[in-house]
1. Say we look at segment 441-488 and pick out the residues that are of a type in the set (K, R) and in a helix (DSSP H, G or I); which of these is nearest to F557 (Cα to Cα)?
2. Scanning for something open to solvent by less than 10 Å² (accessible area, probe 1.4 Å), polar (S, T, N, Q) and under 15 Å from R587 (Cα atoms), does segment 659-669 turn up at least one residue?
3. Considering only segment 130-140, I want to know if a residue exists there that is within 25 Å of W73 (Cβ to Cβ), of a type in the set (F, W, Y), open to solvent by less than 40 Å² (accessible area, probe 1.4 Å) and not in a helix (DSSP H, G or I).
4. Taking the options T112, T161, name whichever one is in a helix (DSSP H, G or I), touching a residue at least 12 places away in the same chain (Cβ under 8 Å) and among the polar types (S, T, N, Q).
5. Does segment 251-262 contain at least one residue that is in a loop (DSSP other than H, G, I, E, B), within 21 Å of V349 (Cα to Cα) and either open to solvent by 20 Å² or more (accessible area, probe 1.4 Å) or in contact (Cβ under 8 Å) with a residue 60 or more places away in the chain (or both)?
6. Please work out which one of (1) within 24 Å of the chain's Cα centre (by Cα); (2) under 24 Å from L604 (Cα atoms); (3) surrounded by 14 or more Cβ atoms within 10 Å (Cβ to Cβ) is the condition I680 fails and give its number.
7. Among the listed residues E355, E333, which satisfies the condition of being in a helix (DSSP H, G or I), at pLDDT below 90 and either farther than 25 Å from P620 by Cα or touching a strand residue (DSSP E or B) at 6+ places or on another chain (Cβ under 8 Å) (or both)?
8. When only residues in segment 758-800 that are of a type in the set (A, V, I, L, M) and in a helix (DSSP H, G or I) count, which is surrounded by the fewest Cβ atoms within 10 Å (Cβ to Cβ)?
Amino acid sequence: MTDRARLTDAEKKAFAIYELILTSSGDRPFSGHTLEQMVRDIADWKAQNPALKAIEKASAEVQLEFLKHSFEWLKAQSKERGIFRIVSTLIDVASLALSVLPKPLPAEIAETLLSDVRKDAWVRTYFPLQKFLAVLTRDQITAKMREDLQSLYLQHAPSATGKIEKHSEQLRKTIGELIRIDGEKELEPGRGPWSQIVFDEVAAKEDVTRAGWEALLEHCRTLEQTVPGKAWRTRTQELVAALGVEEVQENLQRWIALGPTPGQSPEARSPIEDSRYQKGVIWILGLKGNDNAAAPIANFGIACLRKIPMLGAVSQKVGFACVQVLGAMECSEAVSQLSRLRAKVKYSVARRLIEKSLRLAADRSGMTTDDLEDSCVGNFGLDAEAKVESQLGDAKAQIQLCADGRVALAWYNSDGKIVKSPPAHIRKAFAKEIKSFSALKKELESTYSAQCFRLESSFANPRTMSVEHWRKYFIEHRLLGFLGRRLIWIFRNAEGWEVSGLCSTASEDGRIQDSFGEDVDLSQAQSVSLWHPLSCDTTELQRWRDRIFALSIRQPFRQAFREFYTVTSDERTARMHSNRFAGILMRQHQLASLCRVRGWNYRLMGTGFDGFNVPSIALPQWNMHAEFYVDVPTDRNPELENSGLNEQSGSGINLFVSSDQVRFYRDRVEIPVDEVPVLIFSEIMRDVDLFTSVCGIGEDEKWIDQADRGIGMLPEQFESQELSGIIELRKSILGRVLPHTTIAEKCRLEKSWLNVRGQLGTYRIQLLWGGAMLTSPHPRWLNIPQPLLDAVPIDLSKLPLDLDYRTEMILRKAHVLADDWKIDSPDLICQLMPE
């Protein structure tokens, strides 16, 4: 609320005009028998409106004050429903102020308004932007204003097909003139930033070569089809042969290494002037099936499919072309790069295209998709210790693949000592080799991450392979074996024999041993699959955890210490859904990001539009899918419309959503939770637990059961139940971790709690949800500020464990409460004070 007593006289008068708009807009015409009649009625109404008369007669100081606050008022009114009359009058008054004000506008007001316009796309649709831009002059554009104008210029760019609305085209023309710098080279007609660089380089070549390159590039531009036809391919071969295959490959790879939008802002999309050339270039690179071209094409595809907020992909058309080219290339490296793309690209359409390309490649080879991907993963020159070394003159470079997934690059000088970077004389003599070695490190990191993702995904989509295939790729292979030798596997045969085993050492010739540490005879094994904690009883599970910890094996992803979930009696009673993680407020943008990482489909939503988007994940191997319902707070409870829970981003997206039920479907028909395969149920609930714990900001006190949405399981309900596998897992992990911390003597694990003894009181932290409470001298729940938790230094690098988010938060809370006398947060101190 504005303190009117502190306002200047001009500000008071501007606020009075705003209030006049609120009280005089109720009878504004909004319909008529004809468009012409409605226009006349509105014009007559505007001529009599007291707010419009007042702004026209006001002094320049009052007009400036009104304009200064206009965006703020538009924002407040445009978020309300059913008050379009007020919004329309606000626009009219702001437009009139811009028309009558002396030019130029004061720099401070112009800069503030421009910043507001850039940040809030939702309100920008109401603001009279064209009139505002028209009163700006080039000589008043500051560096900050130029940055905002460039962002607006990009946000009004043509679509991927080159189409642009007349209004946006006029805006771009006005903005382009404002940000133009005298003497700066402008793009030639028909050129974008990328093609301008390419054609500038071609123009410097001698006449015959230049003509050949120009012909090839223009040929690229003619590719209109999704996949090139025979005539286009034949002409390509002729043009490439005239220039030389090697020269063409070298230049095209160098040009796509520039990225789709070289030198442009991260918000820039690839214009059609560039994408028309880029699509053809990608296809020419892939037609030869050259292994060396696969990685550059994949890198370019990842850059093209990068999402720009509110705009979409940098270049969806070219990104899809990269996927199709890799699918058409009949070489192992292309399959490997498709696997990498699948792990990195989150667009649902692109992912389906990647899966289709992989299936086509598998059909060509007569193998399953999984077996084909295994066979196409490179060794990267790794030795038995997961290292790559290269001697460059009197220096040596070494790449080391570490157990935690990091790839370390080290340089040694002539004395064998580690140095930060290659010596100067080595950088000069071996520039190309150094660049290649650094690229190898980056490619190894990316491939390792993609293969971890692929392997972990097989929990939800189980895979069985022959023992021969398993040994070749997951024991003996230098990269896949680095993962496989640290994982537990299940060996079976048709007679019902079954045993789980782990490689006895990290070496390729290690024996397979069971959870007791005894050798396993694999002579009778016929098939192998990845082991899951639900594959065995609790006794064997505990043995595996003890063995993994005793051997200090850091697994590529949580397996022995993996969280698992089983159907509860409450869920069986509800029958068709689970509300285990219902009633938790979450940050929506963070939820959307996590959904993409974990392979779920979800679109951001806001109050008044797209209000029923449901995170869902496909489980094709089971012919199933799962849905995790989330609600925009106001859709669930209209009373929250004016609360902080209805806060929105500049594009109208709600910042918060509330969690609700999880449901499962087979053949698009809903099925009871106790009919869901136990492994699928566990993996889905694990993801939902991750979403609600990482994105959660607290319990939704306004959450209520809706119709058949069951009964939410509050934390207290778990106290009367048998300890779940999640609680046992966290007890097991914390029991191993706490002895290695400085607070071990102050902590004690009991039942489903971690008890912490501080100097100011004693505390309990729930192992299930992570809630913390003061138990003495005055019991109460505590809300520990996130900055305090983030500041806790935790180093578990020497332990073969990766903590899940909630367990890590429990440990951080224990550190804060054990040293309660060091707490300097006023908020938490107030909570600890006696009542």
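1. Taking segment 441-488 and keeping what is of a type in the set (K, R), we get 441-442, 454, 463, 471-472, 478, 485-486.
Then drop every residue that is not in a helix (DSSP H, G or I), which leaves 441-442, 454, 471-472.
Numbers: K441: 21, K442: 20, R454: 11, R471: 20, K472: 21 Å.
Here the answer is R454.
2. Yes, because at least one residue in segment 659-669 is open to solvent by less than 10 Å² (accessible area, probe 1.4 Å), polar (S, T, N, Q) and under 15 Å from R587 (Cα atoms).
3. Among the residues of segment 130-140, not one is within 25 Å of W73 (Cβ to Cβ), of a type in the set (F, W, Y), open to solvent by less than 40 Å² (accessible area, probe 1.4 Å) and not in a helix (DSSP H, G or I), which makes the answer no.
4. One residue alone meets the criteria, T112.
5. Yes, because at least one residue in segment 251-262 is in a loop (DSSP other than H, G, I, E, B), within 21 Å of V349 (Cα to Cα) and either open to solvent by 20 Å² or more (accessible area, probe 1.4 Å) or in contact (Cβ under 8 Å) with a residue 60 or more places away in the chain (or both).
6. (2)
7. Selected residue: E333, the only one of E355, E333 that is in a helix (DSSP H, G or I), at pLDDT below 90 and either farther than 25 Å from P620 by Cα or touching a strand residue (DSSP E or B) at 6+ places or on another chain (Cβ under 8 Å) (or both).
8. L789
The values are calculated or read from the model by the stated rules, or taken from the named source; none is laboratory data. Just so we're clear, the structure is a prediction, and the values are computed from it rather than from any experiment. Methodologically, a virtual Cβ is constructed for each residue, glycine included, from the backbone with ideal geometry; neighbour enumeration extends over all protein chains shown. Areas reflect the complete protein model, heavy atoms only, side chains present, ligands, DNA and RNA absent. Shrake-Rupley method; radii C 1.70, N 1.55, O 1.52, S 1.80 Å.
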